[in-house]
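A.B. asks: Shown below is the structure under consideration.
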Amino acid sequence: MTEVLFPQLSDQDPDGEGVLATWFVDDGATVAGGELIAEVMVGKVTSEVIAPVPGAIHLKVKEDDVVRQGSVIATIS
Amino acid sequence: MTTTETPATTATAPTTSARRLTTAKAMVEGIAQEMERDPSVFYLGEDVGAYGGIFSSTTGLLERFGPERVMDTPISESAFLGLAIGAAVEGMRPIAELMFVDFFGVCMDQLYNHMAKIHYESGGNVRVPMVVTTAVGGGYSDGAQHSQCLWGTFAHLPGMKIVVPSTPYDAKGLMTAAIRDDNPVVYMFHKGVMGLPWMAKNPRATGPVPEEPYEVPIGRAAVVREGGDATVVTVSLSVHHALDVAEELAADGIDLEVVDLRSLKPLDRETVLASVAKTGRLLVVDEDYLSYGLSGEIAATVAETDPGLLRSPMRRVAVPDVPIPYAHPLEYAVLPTRDRIREAVHHLVRA
Amino acid sequence: MDDSVRMNLYRTMVLIRVFEEAILRDYHADKRPAFDIGAGLVPGEMHLSAGQEPVAAGVCAHLTADDAVTATHRPHHLAIAHGVDLEKLAAEIFGRETGLGRGRGGHMHLFDPQTHFSCSGIIAEGYPPALGQAFAFRRRGTDRIAVAVTGEGAANQGAFHESLNLAALWRLPVVFVVEDNDWGISVPRSASTCVTSNAVRAAGYDMPGERVEDNSVEAVYEAAGRAVARARAGQGPSLIEVHTLRMWGHFEGDAQAYRTDLEGVPGRDPIATYEQALRSAGLLDDGQVKTVNEDAVGRVEAAIDFAKNSPAPAPETATDYVFA
């Protein structure tokens, strides 16, 4: 099982919080390696999250949830 | 909640395995695939390079295609929109971005007196195959000079096609069609449908988008929800609000048909008339100003074809003829919100 | 300068003047006794370029049909000097189906894809599209250029300044030409422009600027030669201002009551001046002057006959050609 982490977007505030802005896949969906799975934001910096491996994805947070950078947002098995 | 599209009026519906994109990303993908296919396509505007467009209209394009094809311009709308016209006249396919449609005042001459008229004035001898992209719409307190839609103003003037996508699927398909069209096409994208992380968004701002290039025909509306009790004709972000209201009211036994115009020029009057003929009741929801615009045009379409189609007077929900206010409660009093739509539907079905 | 170049400059100017005189004649012929601007074979506004021939002849002598020219509401001299077909030009002015725009554009909206010529009735707005044509030429790796022409009044319009900045910034192969004929309709330059020469403004946009003071076709030719060479060599834009002469009104029907310099106008006719210079140089005699004039008249009258004998566009086609 692979953990997908909220990316580190802020150098000044590495433990700071951001938001899970958009999920592009549903909970339980099969994703391909390299597929776009989410868009996140810290402050006004946005980032795309790509699936590191293929598999079935389980979403651990909801859209608009406030999330700490580096924490787990999904798992792929 | 899914959007259903009548096959006769749309391009092929998305494949079942289509991945999802935001409207912004779908728009960018449309541009990128055309830039890949046709070396004469290039994009210019303010902050479209490294910034990726202030509403994410060009994110990633500079990295992929380089500064020769994705160009930041000075704040010189007349000059760079005019430059796009000259390049188009010479056979290139420029995409020029007017950052906010509200800025049209500083460059409208190049658009409506030149871009839109050259083909006609030259008796068809000179073509202007360019796209003007521009951000429209309010709802986030950007005030009177940064929140307008103005598609009525543009559609009123001859010689420009006008497209207004509401979904990611249409955003990519209409962009592809716009770039390939040999005429000037104004592509108006509402900031609220782009799916931007930093602005409140409707869940429909993300949706299925085929990976391969495809076109959505310009000039064809889509019936995005079938229903028998009343027709809601609308465009852009208001499509989503209308669908939200339709879902709610279905529980009350009111069955709305929602028509997403998608193009304002050419205008698909046939789809509007067919729907009104079916339901007998018409509501137009338009985030542009009420008077002398799109909603009046839809009314005229019905009135001059057959006013007898209507069982009751039509209704319009639009921005009243006031500058869009800054303060949140004031702004939301003038926008065509779900509350206003719901109230109008109730009046319509009770009349 | 080659004698053949001189003779071509002279012939071009005579052709332009003969054409403008013919249009003047036919424009007014059926608007009598009282002037009705919408009446007659050539209705509408008419802005003729008598006196401004040196600008057109001197600049366009350096161009080929592959180079672009954008002009103003007073475009005929530039169209003719740049090689636009005389018959199609005349037919468009007469609003006929055989005209450049099938009668839809008229005298201020002439478009000729063969010579990349276009003009616009909106002051200064012909500058930005010229940038785009230059951009396309350069992007394709050619040494083709765009010449953008406006009047001195246009040098106070926003699009003028935006265009100069962008052309210099992007090093586009453009030659900006300003025809200073002293009058923006009825307003003299001294009442509209904070500087006495727009060549000064060129420096503000990081490009060379020259002012030709005496409406001399050879001086224009020399200055244009420099600017065109710069552009073709990839060195970017230049600005040339020519102090020229509007011999007639801003438009036909303009009584010019405001004009304080009318008495001196005939004496400043640039064609008479150049003819005298060529005579003195032994290049022209009475016979040659007559021949050049007759050739021009022959060509112009043939073009106008073509126009007059061409059909008017059918009213049912009025909404055709909006979209491709």
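A.B. asks: If you take the residues of region C:135-152 that are of a type in the set (Gly, Ala, Ser) and more than 10 Å from chain B (Cβ to nearest Cβ), which of them is surrounded by the most Cβ atoms within 10 Å (Cβ to Cβ)? Break it down into steps so the answer makes sense when it comes.
C.D. replies: Residues of region C:135-152 that are of a type in the set (Gly, Ala, Ser), as a first pass: C:136, C:141, C:146, C:148, C:151.
From what's left, more than 10 Å from chain B (Cβ to nearest Cβ): C:141, C:151.
Numbers: C:GLY141: 6, C:GLY151: 25.
Top of the filtered list is C:GLY151.
A.B. asks: While we're here: I need the full set of residues from region B:45-72 which are surrounded by 24 or more Cβ atoms within 10 Å (Cβ to Cβ) and either free of Cβ contacts under 8 Å to residues at least 60 places away in the same chain or within 14 Å of chain C (Cβ to nearest Cβ) (or both), in order please.
C.D. replies: B:GLY45, B:VAL48, B:GLY53, B:THR58, B:VAL70 - these are the residues of region B:45-72 that are surrounded by 24 or more Cβ atoms within 10 Å (Cβ to Cβ) and either free of Cβ contacts under 8 Å to residues at least 60 places away in the same chain or within 14 Å of chain C (Cβ to nearest Cβ) (or both).
A.B. asks: Could you figure out which of (1) more than 14 Å from chain B (Cβ to nearest Cβ); (2) over 30 Å from C:ALA307 (Cα atoms) isn't true of C:LEU131?
C.D. replies: All conditions are met except number (1).
A.B. asks: Return the only residue of B:GLU121, B:GLU77 being acidic (Asp, Glu), in contact (Cβ under 8 Å) with a residue 24 or more places away in the chain, facing another protein chain (nearest Cβ under 9 Å) and crowded, with 22+ Cβ neighbours inside 10 Å.
C.D. replies: B:GLU77
A.B. asks: Output the qualifying pairs, or none if there are none: Cβ atoms under 6 angstrom, residues six or more apart or on different chains, first residue in region C:56-84 and at positive phi, second residue at pLDDT 95 or above and surrounded by fewer than 24 Cβ atoms within 10 Å (Cβ to Cβ).
C.D. replies: Taking only residues 6 or more apart or on different chains, the pairs are C:GLY83/C:ALA65; C:GLY83/C:THR115.
A.B. asks: Considering only residues of region A:61-77 that are in contact with a Ser or Thr (Cβ under 8 Å, 6 or more places away or on another chain) and assigned to a strand (DSSP E or B), which is farthest from A:GLY16 (Cα to Cα)?
C.D. replies: Looking at residues that are in contact with a Ser or Thr (Cβ under 8 Å, 6 or more places away or on another chain) and assigned to a strand (DSSP E or B), I get A:ILE76.
A.B. asks: State whether one or more residues within region C:34-52 are under 18 Å from B:VAL126 (Cβ atoms) and crowded, with 24+ Cβ neighbours inside 10 Å.
C.D. replies: No, region C:34-52 contains no residue that is under 18 Å from B:VAL126 (Cβ atoms) and crowded, with 24+ Cβ neighbours inside 10 Å.
A.B. asks: A follow-up question, please. Could you grab me the full set of residues in region B:84-110 that are under 17 Å from B:ILE179 (Cα atoms) and either touching a Leu at 6+ places or on another chain (Cβ under 8 Å) or surrounded by fewer than 24 Cβ atoms within 10 Å (Cβ to Cβ) (or both)?
C.D. replies: Once the filter is applied, which keeps residues that are under 17 Å from B:ILE179 (Cα atoms) and either touching a Leu at 6+ places or on another chain (Cβ under 8 Å) or surrounded by fewer than 24 Cβ atoms within 10 Å (Cβ to Cβ) (or both), region B:84-110 yields B:ALA84, B:GLY86, B:GLU90, B:GLY91, B:MET92, B:ARG93, B:PRO94, B:ILE95, B:ALA96, B:GLU97, B:LEU98.
A.B. asks: Return the total of residues in region B:300-321 being buried (at least 20 other Cβ atoms within 10 Å of the Cβ) and among the small types (Gly, Ala, Ser).
C.D. replies: 1
A.B. asks: Give me the residue from region A:36-60 that is at pLDDT 95 or above, within 14 Å of chain B (Cβ to nearest Cβ) and outside any strand (DSSP E or B) and, out of that set, nearest to A:SER10 (Cα to Cα).
C.D. replies: So, considering only residues that are at pLDDT 95 or above, within 14 Å of chain B (Cβ to nearest Cβ) and outside any strand (DSSP E or B), the one nearest to A:SER10 (Cα to Cα) is A:ALA51.
A.B. asks: Condition first: within 12 Å of chain B (Cβ to nearest Cβ) and within 29 Å of B:MET108 (Cα to Cα). Now tell me which residues in region C:85-97 satisfy that.
C.D. replies: C:GLU92, C:GLY95
A.B. asks: Sticking with this one: What residue, of C:SER192, C:SER163, C:SER118, is more than 10 Å from chain B (Cβ to nearest Cβ) and small (Gly, Ala, Ser)?
C.D. replies: Numbers: C:SER163 fails: more than 10 Å from chain B (Cβ to nearest Cβ); C:SER118 fails: more than 10 Å from chain B (Cβ to nearest Cβ).
Going through C:SER192, C:SER163, C:SER118 in turn, the sole match is C:SER192.
A.B. asks: Is one or more of the residues making up region C:287-300 on the phi < 0 side of the Ramachandran plot, in a loop (DSSP other than H, G, I, E, B) and of a type in the set (Asp, Glu)?
C.D. replies: The answer is no, given that none of the residues of region C:287-300 is on the phi < 0 side of the Ramachandran plot, in a loop (DSSP other than H, G, I, E, B) and of a type in the set (Asp, Glu).
A.B. asks: If C:LEU100 meets every condition in (1) over 23 Å from C:VAL322 (Cβ atoms); (2) hydrophobic (A, V, I, L, M, F, W, C); (3) facing another protein chain (nearest Cβ under 10 Å); (4) without any contact (Cβ under 8 Å) to a residue 40 or more places away in the chain apart from one, which number is that one?
C.D. replies: (1)
A.B. asks: While we're on this one: Scan region C:261-272 for residues that are in a helix (DSSP H, G or I) and either modelled with pLDDT under 95 or farther than 14 Å from C:ARG11 by Cα (or both) and jot them down.
C.D. replies: Step one: of region C:261-272, the residues in a helix (DSSP H, G or I) are C:262-264, C:266-268, C:270-272.
Once the filter is applied, which keeps residues that are in a helix (DSSP H, G or I) and either modelled with pLDDT under 95 or farther than 14 Å from C:ARG11 by Cα (or both), region C:261-272 yields C:LEU262, C:GLU263, C:GLY264, C:PRO266, C:GLY267, C:ARG268.
A.B. asks: Here is a follow-up. With region B:89-182 as the region, which helices (runs of 4 or more DSSP H) entirely inside it contain at least 3 residues that are over 24 Å from C:ARG140 (Cβ atoms)? Full working, then the answer.
C.D. replies: On the way: elements: B:118-121, B:151-156, B:168-180.
The qualifying helices (runs of 4 or more DSSP H) are B:151-156, B:168-180.
A.B. asks: Looking at region C:61-79, is at least one residue acidic (Asp, Glu), over 23 Å from C:GLN114 (Cα atoms) and not in a helix (DSSP H, G or I)?
C.D. replies: no
The values are calculated or read from the model by the stated rules, or taken from the named source; none is laboratory data. Because the structure is predicted, anything quoted here is derived from the model rather than measured. Note that we place each Cβ from the backbone using ideal geometry, even for glycine, and neighbour counts take in every protein chain shown.
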